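Structure, as structure tokens:
The values are calculated or read from the model by the stated rules, or taken from the named source; none is laboratory data. Keep in mind that this is a model prediction, so the values were computed, not measured. All Cβ positions, glycine included, derive from the backbone under ideal geometry; neighbour counts span all protein chains shown.
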Amino acid sequence: MGDLLITVAPTGAETTKADCPQLPTTLEELVDTARRCEAAGAAMVHVHIRDDEHRPTLDPTRLRDTVQALHEATDLVVQLSTGGSVHDPLDARLAVLDAEPDSCSLTMGTTNFGDDVFLNPWPFVCDLYQLSQERGVVPEFELFDLGQVASLHRLLDRHGLPHGGRVHVDLVMGVPGGMPGTADALVAAVAALPAATTSWAATGIGRSTLSVALASLSKGGHLRVGMEDVLTLAKGVPVEHNEQLVDRVVELGRIAQRSPMTPAEARTLLGMS
Ligand code: KMH
Ligand code: ZN
């Protein structure tokens, strides 16, 4: 039985296809990536989609088709991003739930995001959370900063538990403007998580990917990896396929005596039927 949830975030919204031709941006590339990452040990996929020009989009039909295609091709837990890109309006981000994913990301506050701002005002966080409860979509609480841990306490106190009764958190670390991708920050965030937290994962952006993965394994956490978060395996060595990043953390997990969860095990962990 597996005890390590590996989520792959294969695309993101920030990298352009022109800068990174190996980024999976078409539906065919995304499905192929998902299949390969599932075979490598991933149990959940965190999805951002692109339009025909490879630009980030929240087009409702495309989102729905993507969820359906991933369900047909894999057993992976399909998590749609409600963060989208920094340019997406809040109403389009709420409408992501219309595509009926298994899970959605839910970021607990506004964050400086490089030179941009990733906007998550409190009323939007509450609206998205309540919509996820109504629609039976399991949220993954994404925390980019330590203050967002306090917001998670506040949200759960005011609005109760998520659909399924489990509380799964993902620490997104190392974003310029958020908490650093260090073991110290990870330990501080984990120590402050609400008692209702049933599982947590972490991902480190860019060069913090390995230190965050190792810190998370050491603290008993789960892992997210993927080209949304990191584009190199080492300095000057580009990632050619998301599967390489999954392979690498499967190996780190093996050394830490943790084995990858199957998608069915992940569904149990996350409170999905
Ligand atoms: N693209 C970032 C602005 C999420 O997926 O929910 C937001 C993001 C978080 O990636
Ligand atoms: Zn994302």
* Enumeration of residues in region 72-97 that are within 15 Å of ligand 2 (Cβ to nearest atom) and of a type in the set (D, E, K, R) -> Asp88, Arg93
* Single residue of Ser208, Ser216 found to be over 21 Å from His48 (Cβ atoms) and in contact with a strand residue (DSSP E or B) (Cβ under 7 Å, 6 or more places away or on another chain) -> Ser216
* Asked: Just checking, how many residues over region 107-117 are surrounded by fewer than 24 Cβ atoms within 10 Å (Cβ to Cβ) and outside any loop (DSSP other than H, G, I, E, B)?
  -> 4
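Against the definition (part of a helix (DSSP H, G or I) and more than 23 Å from Glu142 (Cα to Cα)), how does Asp32 come out, yes or no?
Numbers: part of a helix (DSSP H, G or I): yes; more than 23 Å from Glu142 (Cα to Cα): yes.
The answer is yes for Asp32.
With respect to Asn120, determine if the residue is polar (S, T, N, Q), within 16 Å of ligand 2 (Cβ to nearest atom) and either closer than 19 Å to Ala202 by Cα or not in a helix (DSSP H, G or I) (or both).
Details: polar (S, T, N, Q): yes; within 16 Å of ligand 2 (Cβ to nearest atom): yes; either closer than 19 Å to Ala202 by Cα or not in a helix (DSSP H, G or I) (or both): yes.
Taking the combined requirement at face value, the residue satisfies it.
Please state which one of Val169, Val239, Val149 is touching a strand residue (DSSP E or B) at 6+ places or on another chain (Cβ under 8 Å) and touching a residue at least 60 places away in the same chain (Cβ under 8 Å).
On the way: Val169 fails: touching a residue at least 60 places away in the same chain (Cβ under 8 Å); Val149 fails: touching a residue at least 60 places away in the same chain (Cβ under 8 Å).
One residue alone meets the criteria, Val239.
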* Asked: Could you count how many residues in region 77-98 are away from ligand 1 (no atom under 14 Å from the Cβ) and either surrounded by fewer than 23 Cβ atoms within 10 Å (Cβ to Cβ) or assigned to a helix (DSSP H, G or I) (or both)?
  -> 3
* To do: Count, please, the residues in region 99-141 that happen to be away from ligand 1 (no atom under 13 Å from the Cβ) and in contact (Cβ under 8 Å) with a residue 60 or more places away in the chain.
  => 2
* To do: List the number of the failed condition for Val67; all other conditions in (1) among the aliphatic types (A, V, I, L, M); (2) touching a residue at least 40 places away in the same chain (Cβ under 8 Å); (3) closer than 21 Å to Leu23 by Cβ hold.
  => (2)
* Asked: Of the residues that make up region 50-73, is at least one touching a Pro at 6+ places or on another chain (Cβ under 8 Å), among the small types (Gly, Ala, Ser) and away from ligand 1 (no atom under 13 Å from the Cβ)?
  -> no
* To do: Please specify each residue of region 36-56 satisfying the condition of being over 26 Å from Val250 (Cβ atoms) and either more than 14 Å from ligand 2 (Cβ to nearest atom) or assigned to a loop (DSSP other than H, G, I, E, B) (or both).
  => Asp51, Asp52, Glu53, His54, Arg55
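Hey, can you tell me all the residues within region 3-18 that are within 25 Å of Thr198 (Cβ to Cβ), assigned to a loop (DSSP other than H, G, I, E, B) and within 16 Å of ligand 2 (Cβ to nearest atom)? Can you show your working first?
Taking region 3-18 as the starting set, the residues that turn out to be within 25 Å of Thr198 (Cβ to Cβ) are 3-9.
Restricting the remaining residues to those that are assigned to a loop (DSSP other than H, G, I, E, B) gives 3, 5, 9.
Result: Ala9, single match.
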* Structure fact -> Those residues of region 229-259 which are within 19 Å of Val47 (Cβ to Cβ) and outside any helix (DSSP H, G or I) amount to Asp229, Val230, Leu231, Val239, His241
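Among Arg258, Arg248, Arg267, Arg254, which is the only one that is within 18 Å of Val138 (Cα to Cα), basic (Lys, Arg) and at pLDDT 95 or above?
Numbers: Arg258 fails: within 18 Å of Val138 (Cα to Cα); Arg248 fails: within 18 Å of Val138 (Cα to Cα); Arg254 fails: within 18 Å of Val138 (Cα to Cα).
Residue meeting the stated conditions: Arg267.
Taking the residues in region 1-22 that are of a type in the set (A, V, I, L, M, F, W, C) and crowded, with 24+ Cβ neighbours inside 10 Å as candidates, determine which candidate is farthest from ligand 1 (Cβ to nearest atom). Write out each step before concluding.
To start, the set of residues in region 1-22 that are of a type in the set (A, V, I, L, M, F, W, C) comprises 1, 4-6, 8-9, 13, 18, 20.
Imposing the further condition that a residue be crowded, with 24+ Cβ neighbours inside 10 Å reduces the set to 4-6, 8-9.
Details: Leu4: 21, Leu5: 17, Ile6: 17, Val8: 13, Ala9: 8 Å.
Filtering first and then ranking leaves Leu4.
Out of region 23-33, which residues are under 24 Å from Val250 (Cα atoms), within 16 Å of ligand 1 (Cβ to nearest atom) and without any contact (Cβ under 8 Å) to a residue 60 or more places away in the chain? Give the derivation first.
Of all residues in region 23-33, those under 24 Å from Val250 (Cα atoms) come to 23-24, 29-33.
Within this subset, residues satisfying the condition of being within 16 Å of ligand 1 (Cβ to nearest atom) are 23-24, 30.
Selection gives Leu30 alone.
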* Asked: Consider Trp200 against the criteria (1) touching a Leu at 6+ places or on another chain (Cβ under 6 Å); (2) away from ligand 1 (no atom under 12 Å from the Cβ); (3) among the aromatic types (Phe, Trp, Tyr): it satisfies all of them except one. Which criterion is unmet?
  -> (1)
